[in-house]
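Structure record follows, encoded as structure tokens.
The values are calculated or read from the model by the stated rules, or taken from the named source; none is laboratory data. These numbers come from a predicted model, not from an experiment. Counting neighbours? That spans all protein chains shown, and the Cβs are built from the backbone with ideal geometry, glycine included. All accessible areas refer to the heavy atoms of the entire protein, side chains included, with ligands and DNA or RNA removed. Shrake-Rupley method; radii C 1.70, N 1.55, O 1.52, S 1.80 Å.
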Amino acid sequence: MRWFEPEVGPEMHQTLTEQTRLIWTALRAATRPAVLETADGRRTMGTRIGPDARDKVIRQQVPLARPGIQRFRLVN
């Protein structure tokens, strides 16, 4: 989410910026990069997954998806 300082004021802008930074830091600490592969073998990066979710996806061979209809396979 984005906000502009004139819309929320300088103090709220500072608070929201700090909270957003903390949230992203926690998400990066709780997940690791994941490489996904499309049905035609093309690899895509920039995705993250938590260790428990990763194990479940690999064990149960769960197809992954992003918005849209395309499905991905998690590359080990």
Filter result for the condition that a residue is without any contact (Cβ under 8 Å) to a residue 40 or more places away in the chain and within 23 Å of R66 (Cβ to Cβ), over E37, E18: E37
Open to solvent by less than 90 Å² (accessible area, probe 1.4 Å) and acidic (D, E): is that true of E11 in this structure? no
Just the residues that are open to solvent by less than 70 Å² (accessible area, probe 1.4 Å) and part of a helix (DSSP H, G or I), please, taken from region 26-51. A26, A30, P51
By residue number, the members of region 31-64 that are within 15 Å of the chain's Cα centre (by Cα) and not aliphatic (A, V, I, L, M) are T31, R32, P33, T44, G46, T47, R48, G50, P51, D52, R54
Quick check on region 52-76: of everything there that is hydrophobic (A, V, I, L, M, F, W, C) and over 16 Å from P33 (Cβ atoms), which residue is most open to solvent (accessible area, probe 1.4 Å)? I69
